[in-house]
Amino acid sequence: MAAYFIRRIVQSLLILLGISFVTFVLLYILPADPVRQIAGRSATAQTVANIREQLGLDQPFIVQYGRYLAGLVQGDLGRSYLQKTEVATLIASRLPASLQLMAGGILCELLIGLSFGVIAALRRGRMADQVLMITSFVAVSAPQFVVSLLLLYVFAVKLGWFPIGGYGTFAHLVLPALTLGILGSGWYSRMMRSSMIEVLRTDYIRTARAKGLSRARVILRHALPNAILPIIAMIGIDIGIFMGGLVVVESVFGWPGIGQLAWQAIQRVDIPIIMGVTLVSACAIVLGNLLADFIAPLIDPRIRLR
Amino acid sequence: MKTWLTTTALALSLAMPAIAQDYQPDPNAKAGGSIVITYKDDVATLDPAIGYDWQNWSMIKSIFDGLMDYAPGTTELRPGLAESYDISDDGQVFTFHLRPGVKFHNGREVTADDVKYSLDRVTNPATQSPGAGFFGSIKGYDEIASGASETLAGVTVVDPMTVQIELSRPDATFLHVMALNFASVVPQEAVEAAGADFGKQPVGTGAYSLAEWTIGQRLVFAKNADYWRDGVPYLDEIVFEVGQEPIVALLRLQNGEVDVPGDGIPPAKFQEVMADPEQAARVVEGGQLHTGYITMNVNTAPFDNVKVRQAVNMAINKDRIVQIINGRAVPANQPLPPSMPGYTEGYEGYAFDPEGAKTLLAEAGVGDGFETELYVMNTDPNPRIAQAIQQDLSAIGISAQIQSLAQANVIEAGGNGSAPMIWSGGMAWIADFPDPSNFYGPILGCAGAVQGGWNWSWYCNEDLDAKATEADSMADPSQAEARLKLWSDVYVGIMADAPWAPVFNEQRYTMKSARMGGADELYVDPVSIPVNYDYVYVTE
């Protein structure tokens, strides 16, 4: 078991190294010159050359990448080209907001997804089942940009229940978290439904019913916990999907997280920030997957790790 | 004050450079209150040597001051930290007399040493200032730019209140250069204490100081109670909320939560807003020093033939393109915008004439048309405009394939010469200062026609270049009119060669909340976008 995890951790580090390399290559071959973004339109050729030299961007690719890695090992993500602030500071100041939003999003998708799934399973083949499954299909397919604007318009502008974007209080969190959660809830409700249906067919449920337990007790105490377990293990994998969603949702709601930071940096070709956010996101995804692996055997003792 | 009156009275009467009668404060203005401005993007930096986008430009103006300044709402120069100045007879030595008793936000008084330090800093390559090149006419610039010197030889501290700047060549635009943010006066001790983070911890002499900056969320500007200009600013506080999509900002404005959406009215909502009389009444329209144009790479066949370039000029239906952007612009026929000195009144340009264009193409030997590529930035409304251009071109037989790319990629394709045609929207030239020379060098002169340059037509006419140099050396105020005439000739000469097809001059529309007060000019200030923060006020 210990050997398994050591191997997984080493693998994860290699994956991160690979991601850093691929991202660096992509940014290097990008047909857009960051120096020109910094230097602006009035800079003389000499100013441009000076800036290129100072940032080390006149060096060959391998030297640039080597320097970046050397910094990385010391925990130095470099400084933003345009803001001149340390990337680590920028990310650290925005990470709490993103984590909050992700926590809210996960909560929303579990609440909506699991309850829809259970209800659909119990009402299988009937009207409620069909309505919920069509809803979940829509939820999975709807673009987050549209969903977020729709929620914003209805619940914040028209009804005035929530603030129109921004960050700070619990009320600010509701709509962006809901937007993030809606996408995942579609998947979860479908999986919860099939998992529940499977469990309801098992012998031990039939036994429970046969020995005279109430329907409610059978569902809540016997069926639900068993049906939910495999689904909980998926949350770790979900983090990757959330990272993508953050870029859209944070931009629309003015949520000061790393998704927004990444979006702005991409538009300005601010390479150190793009690298930094990519690596932090990759770390989160890798950690999420590791976590899912850790949890799996705890939930289901039949799973053995080797 | 005496020197100012005596030596510059002449300049004032000749209005070159135009020197404003100073701004008359609004008698109805009320002091106090706080406003909310929104922006989509985070503020990159407030370091005046670094900041060079339209968003932080006006913010920096409110935190810092330079020796020169513009009268609010106009393009007319007025003295800033310099109370007065003298110009030597040959126009190459400027002596600035500082205003006594002006204090930085940290309480220290401004001296001539600060002026010298600030100019040394902005031109020092280590600062990486995008504006360093503006100071190229100061004696000693080449030495500091190449690293041979740490200081500008041409800048001398005469006494604590007097600084003298010697130029290596006459420069008619020098007072405008001294009004650029890059020439702002900064305190050395604060710059050194903050290091690379000075842009996040700015200390200046301006009307506001930075009170709070929560990265990614908001910035708060607090009124500088000791500000050296009497009576301003009016507002106690300005809150900039960043990370707000323009569409969301408009909704919040309609809800009474925002006073000015910094990114303007989103194009998709423009007609809706203007159709509502109550909202339309709160929109201020003004001109800006902007031209939108199509560049044609003169090094690429068949655009190396002037007739083909003229044909493109005649093929474009500019009125229709203006309609596409809801009439938020006026059609253009020359590089300079109408509000720029040197604009040629009465010049007709190339009228819309598809038949004449076809004739020209036939004369050029491409009567059967040809295929080319039109590069365009991929944000609305630019792809739509490119489609209109594409249709206009296809009507005369030119088949243009649209390359819709991110801004940085289009700039790269223009700078390395791989783009035959570019629609400038989203990257177009907006003047740094209101002088015709600012529309020439980098975008139409030979100096810009280099790898990584901004002259995307790669047009280089050495005769016109010589004329431009001559115009910029006419620093004597008495030559002002002749100088503008010369510039006008340069631009008309360019249009004969037609490296560009000028399309339109964008108008600016600033929307404000009902409680915002102050003259309309302050809301379409040519220098401070979106508004002149120092002079606006709230009525409740």
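Can you list residues whose amide H is under 5 Å from B:THR162's amide H, if they're 5+ apart or on another chain and H is modeled 1.01 Å from N?
The list, which skips near neighbours in sequence, is B:LEU98, B:ALA112.
Please give the average number of partner chain Cβ atoms lying within 10 Å of the Cβ of each residue in A:28-35, rounded to a whole number.
The shielding value for this peptide is 4.
For segment A:19-96, what is the per residue volume of the convex hull drawn over the alpha-carbon atoms, in cubic angstrom?
Value for segment A:19-96: 113 Å³ per residue.
Quickly estimate the mean residue ellipticity at 222 nm for chain A, helices only: each DSSP H run with n ≥ 4 gives -39500 (n - 2.57), and the total goes over all residues, rounded to 500.
Mean residue ellipticity, 222 nm, calculated: -24500 deg cm²/dmol.
Based on the alpha carbon coordinates of segment B:282-382, what radius of gyration and maximum Cα-Cα distance (Dmax) apply, in Å?
15.6, 54
List the chymotrypsin sites (Phe, Trp or Tyr not before Pro) within segment A:131-222 that DSSP assigns to loop and that have no more than 14 neighbouring Cβ atoms inside 10 Å.
Answer in residue order: A:TRP161.
For chain B, with the dipole built from +1 on Lys and Arg beta-carbon atoms and -1 on Asp and Glu ones, taken about the Cα centre, which of B:GLY256, B:TRP423, B:LEU360 lies farthest toward the positive end?
Value computed over the given set: B:GLY256.
How high is the relative contact order of chain B, in percent, counting Cα pairs under 8 Å that sit 6 or more residues apart?
Taking the mean separation of contacting Cα pairs over the length of chain B, I get 21 percent.
5 Å is the cut-off here: which amide hydrogens, built 1.01 Å from N in the peptide plane, fall below it relative to B:ILE402, excluding neighbours closer than 5 in sequence?
Distant-sequence amide H within range of B:ILE402: B:LEU374.
With unit charges on the beta carbons (Lys and Arg positive, Asp and Glu negative) and the dipole taken about the Cα centre of segment B:290-506, which residue among B:VAL298, B:ALA475, B:SER437 sits farthest to the positive side?
It is B:VAL298, whose Cα lies furthest towards the positive end.
What's the exposure ranking of B:THR127, B:THR359, going from fewest to most Cβ atoms within 10 Å?
By the 10 Å Cβ count, ascending, the order reads B:THR359, B:THR127.
Rounding to the nearest 20 debye, state how big the charge dipole of segment B:290-506 is about its Cα centre with +1 on each Lys and Arg Cβ and -1 on each Asp and Glu Cβ.
Magnitude of the dipole: close to 480 debye.
Compute a Gaussian network model of chain A, connecting alpha carbons closer than 10 Å, and tell me which residue from A:LEU90, A:LEU213, A:LEU57 fluctuates the most.
A:LEU213
For each of B:ARG99, B:ARG384, count neighbouring Cβ atoms within 10 Å of the residue's Cβ, then give the residues from fewest to most.
The most exposed by this proxy come first: B:ARG384, B:ARG99.
Relative to the Cα centre, what is the charge dipole magnitude of the protein assembly as shown, using +1 at the beta carbon of each Lys and Arg, -1 at the beta carbon of each Asp and Glu, and rounding to the nearest 20 debye? Present the calculation step by step, with values, prior to reporting the outcome.
Working: 58 positive and 84 negative charges, 1199 e Å.
Charge dipole, the protein assembly as shown, about its Cα centre: 5760 debye, nearest 20.
Every cysteine in the protein assembly as shown with no other Cys Cβ under 4.7 Å from its Cβ, please list them in numeric order.
Lone cysteines by the Cβ rule: A:CYS108, A:CYS283.
List the residues, sorted by chain then number, that are 5 or more residues from B:ARG218 or on another chain and whose placed amide H is less than 5 Å from its amide H.
The answer is B:VAL242.
Between A:GLY165, A:GLY40, A:GLY184, which gets the highest mean-square fluctuation from a Gaussian network model of chain A, Cα cutoff 10 Å?
Greatest mean-square fluctuation among the candidates belongs to A:GLY40.
First measure r as the distance between the Cβ atoms of A:ILE295 and B:ALA281, then evaluate 1/(1 + (r/R0)^6) with R0 = 45 Å and state the FRET efficiency to the nearest 0.05.
Working: r = 60 Å, r/R0 = 1.34.
The computed FRET efficiency comes out at 0.15.
Across 5 Å bins from 0, what is the distribution of all Cα-Cα pair distances for segment B:290-506, in whole percents?
Bin by bin from 0 Å, the calculated values are 1, 8, 16, 20, 21, 17, 10, 5, 2, 1, 0.
With all pairs of different alpha carbon atoms counted, what Kirkwood hydrodynamic radius in Å does segment A:46-188 show?
18.9 Å
How large is ³J(HN,Hα), in whole Hz, for each residue of segment A:253-259 in order, when computed from phi with the Karplus curve 6.51 cos²θ - 1.76 cosθ + 1.60 and θ = phi - 60°, using x for Gly and Pro?
8, x, 8, x, x, 6, x
For segment A:135-143, what does the Karplus curve 6.51 cos²θ - 1.76 cosθ + 1.60, with θ = phi - 60°, yield as ³J(HN,Hα) per residue in whole Hz, taken in order and with x for Gly and Pro?
So the J values, rounded to whole Hz, are 4, 5, 5, 5, 4, 5, 8, 5, x.
What value, in deg cm²/dmol to 500, does the helix sum -39500 (n - 2.57) over DSSP H runs of n ≥ 4 give at 222 nm once divided by the residues of chain B?
Only helices count here, giving -8000 deg cm²/dmol.
Taking chain A as the region of interest, what is the percent of Cα-Cα pairs per 10 angstrom bin, listed from the shortest bin to the one with the maximum distance?
Whole-percent P(r) values from 0 Å outward: 6, 21, 25, 23, 15, 7, 3, 1, 0.
If I take the Cα coordinates of the protein assembly as shown and project them onto the principal axes, what are the three extents in Å, biggest first?
That gives 110, 72, 60 Å along the principal axes, largest extent first.
For a test of the definition: using alpha carbon positions, the gyration tensor, and the 1.5 limit on a/c, classify segment B:184-226 as rounded, prolate or oblate.
Since a/c reaches 1.5 but b/c is at least a/b, the shape of segment B:184-226 is classed as oblate.
With just the Cα atoms defining each centre, how far is segment A:124-187 from segment A:27-53? Give it in Å.
With segment A:124-187 and segment A:27-53 each reduced to a Cα centre, they are spaced 43 Å.
If r is the Cβ-Cβ distance from B:ALA351 to A:VAL131 and R0 is 60 Å, what FRET efficiency results, to the nearest 0.05?
After rounding to 0.05, the efficiency reads 0.45.
How large is ³J(HN,Hα), in whole Hz, for each residue of segment A:104-117 in order, when computed from phi with the Karplus curve 6.51 cos²θ - 1.76 cosθ + 1.60 and θ = phi - 60°, using x for Gly and Pro?
With coefficients 6.51, -1.76 and 1.60, one gets x, x, 5, 4, 4, 5, 5, 4, 6, x, 5, 5, 4, x Hz.
Let me check the size of segment A:196-306 from its C-alpha atoms; what are the radius of gyration and Dmax in Å?
Every Cα atom of segment A:196-306 included, Rg and Dmax give 21.0, 67 Å.
Any idea what the dipole of segment A:95-299 comes to, in debye rounded to 20, about its Cα centre with Lys/Arg Cβ at +1 and Asp/Glu Cβ at -1?
That gives segment A:95-299 a dipole magnitude of about 1120 debye.
Select from A:GLY245, A:ILE285, A:ILE134 the residue farthest towards the positive end of the dipole of segment A:95-299; place +1 on Cβ of Lys and Arg, -1 on Cβ of Asp and Glu, and compute about the Cα centre.
The Cα lying farthest towards the positive end belongs to A:ILE134.
Within a 10 angstrom radius of each residue's Cβ in A:249-258, how many Cβ atoms of other chains show up on average? Whole number is fine.
On the way: counts 0, 2, 5, 5, 4, 13, 3, 8, 2, 1.
The shielding value for this peptide is 4.
Post the alpha-carbon centroid distance, segment A:65-93 to segment A:250-266, in whole angstrom.
Measuring centre to centre over Cα atoms gives 18 Å.
What's the average, rounded to a whole number, of partner chain beta-carbon atoms within 10 Å of each residue's beta-carbon in A:81-90?
5
Looking at the protein assembly as shown, what % of its DSSP beta bridges pair antiparallel, to the nearest 5?
On the way: 49 of 68 bridges.
In the protein assembly as shown, approximately 70 percent of DSSP beta bridges are antiparallel ones.
Taking only the alpha carbons of chain B, what extent do you get along each of the three principal axes, in Å, biggest first?
The Cα atoms of chain B stretch 72, 58, 42 Å along their principal axes.
Compute the distance from the alpha-carbon center of segment B:466-540 to that of segment B:58-123, in whole Å.
21 Å
Any read-out appearing in this document is the output of simple, stated calculations on the displayed coordinates, not a laboratory observation. What you see is a predicted model; the values in this text were computed from it and never measured. All Cβ positions, glycine included, derive from the backbone under ideal geometry; neighbour counts span all protein chains shown.
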